[in-house]
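To start, the structure under review is shown below, and the notes come after it.
The values are calculated or read from the model by the stated rules, or taken from the named source; none is laboratory data. Here the structure is a predicted model, which means the values were calculated and not measured. Positions of Cβ are generated from backbone atoms using ideal geometry, with glycine treated the same way; all protein chains shown enter the neighbour counts.
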Amino acid sequence: MEASLLMILAMGFILGIKHALEPDHIIAVSTIASQSKKLWRSSLAGVFWGIGHTLTLFIIGIALIVLKNEIPEVWAMSLEFLVGIMLVYLGLTTIFSWKKAQEHKHFERATYVKSIFVGFVHGLAGSAAMVLLTMSTINETWQGAVYILIFGAGTCIGMLLFTTLLSIPFVTSARSVKLNQSLIGLTGAISAVFGLYYMYNLGVNEQLFTMWFH
């Protein structure tokens with residue numbers, strides 16, 4: 001590969017790590033990570049989020065690059081609005097999940113499936129920006145595919161590291177039921193409130209509601 005292409009791909013990896021640390025991503029994954037009492041299980045939740053996120057970006061991104069098309073603004077913003085709905089849902093389910101038996105294997109499997117789904121939704125919302133970024137930096141379709149995969153690897157690693165750090169308070173407080181429940185409830189409340197703000201900002205400030213009903 002040419003040195004310039006390698007530099008672009010390296011930058012894509014760094015941007016992927018940075019992308020994983022966006023507030024809506026962190027808040028969403030924190031609601032999932034808070035449900036486990038094992039650090040490595042919480043860390044895996046971040047990895048599975050990255051897998052779901054990358055899968056969506058890759059499929060939609062390559063399709064749009066091949067077709068030389070873009071997602072209309074109203075659709076792109078509507079997918080972002082879906083993220084707000086998801087954050088509220090994750091927040092509310094986290095708040096009311098205190099009585100779940102968190103050590104059961106079926107619950108852990110459900111956690112990883114949820115992580116993939118959350119990453120999938122975030123990937124849908126970010127696909128429009130990803131396509132624009134890829135098309136502005138890459139010329140060939142195969143290069144775009146590599147770029148998106150490397151970007152995705154960056155998001156997986158970034159989310160793995162940050163989710164691990166984020167999980168420490170939940171893991172260390174596991175023996176104190178009251179403190180642990182308070183932290184989980186706070187996480188759920190933050191997710192729900194941020195989700196409402198996210199939808200309000202898109203709908204009112206960014207005028208998505210006007211686009212819908214115009």
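With respect to Phe209, is the statement that it is surrounded by fewer than 19 Cβ atoms within 10 Å (Cβ to Cβ), in a helix (DSSP H, G or I) and either without any contact (Cβ under 8 Å) to a residue 40 or more places away in the chain or touching a Gly at 6+ places or on another chain (Cβ under 7 Å) (or both) true? Judged against the criteria, Phe209 is a match.
Quick check: anything in the stretch 156-173 more than 23 Å from Leu90 (Cα to Cα), touching a residue at least 24 places away in the same chain (Cβ under 8 Å) and crowded, with 20+ Cβ neighbours inside 10 Å? Among the residues of the stretch 156-173, not one is more than 23 Å from Leu90 (Cα to Cα), touching a residue at least 24 places away in the same chain (Cβ under 8 Å) and crowded, with 20+ Cβ neighbours inside 10 Å, which makes the answer no.
I want to confirm something. Restricting to the stretch 51-75 and keeping residues that are among the polar types (S, T, N, Q) and assigned to a helix (DSSP H, G or I), which single residue is surrounded by the fewest Cβ atoms within 10 Å (Cβ to Cβ)?
The first filter runs over the stretch 51-75 and keeps only residues among the polar types (S, T, N, Q), leaving 54, 56, 69.
With the extra rule that they be assigned to a helix (DSSP H, G or I), the set shrinks to 54, 56.
Values: Thr54: 24, Thr56: 22.
My answer is Thr56.
Of the residues examined, Gln207 is one that is over 23 Å from the mean Cα position of the chain (by Cα) and on the phi > 0 side of the Ramachandran plot.
Being surrounded by 21 or more Cβ atoms within 10 Å (Cβ to Cβ) and among the β-branched types (Val, Ile, Thr): is that true of Val118 here? It is true that Val118 is surrounded by 21 or more Cβ atoms within 10 Å (Cβ to Cβ) and among the β-branched types (Val, Ile, Thr).
Residue-by-condition table, conditions (1) surrounded by fewer than 24 Cβ atoms within 10 Å (Cβ to Cβ); (2) polar (S, T, N, Q); (3) modelled with pLDDT of 90 or more:
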site: Phe13; (1), (2), (3): yes, no, yes
site: His25; (1), (2), (3): no, no, yes
site: Ala45; (1), (2), (3): no, no, no
site: Trp49; (1), (2), (3): no, no, yes
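Which residues, taken from the stretch 139-155, are touching a residue at least 24 places away in the same chain (Cβ under 8 Å) and of a type in the set (Phe, Trp, Tyr)?
Result: Tyr147, Phe151.
If I ask for residues that are over 13 Å from the mean Cα position of the chain (by Cα) and in a helix (DSSP H, G or I), which ones from the stretch 80-96 would you list? Passing the criteria: Phe81, Ile85, Val88, Tyr89, Gly91, Leu92, Thr93, Thr94, Ile95. Kindly list the number of the only condition in (1) closer than 22 Å to Leu67 by Cα; (2) surrounded by fewer than 21 Cβ atoms within 10 Å (Cβ to Cβ) that fails for Ala153. So Ala153 meets the others, but not (1).
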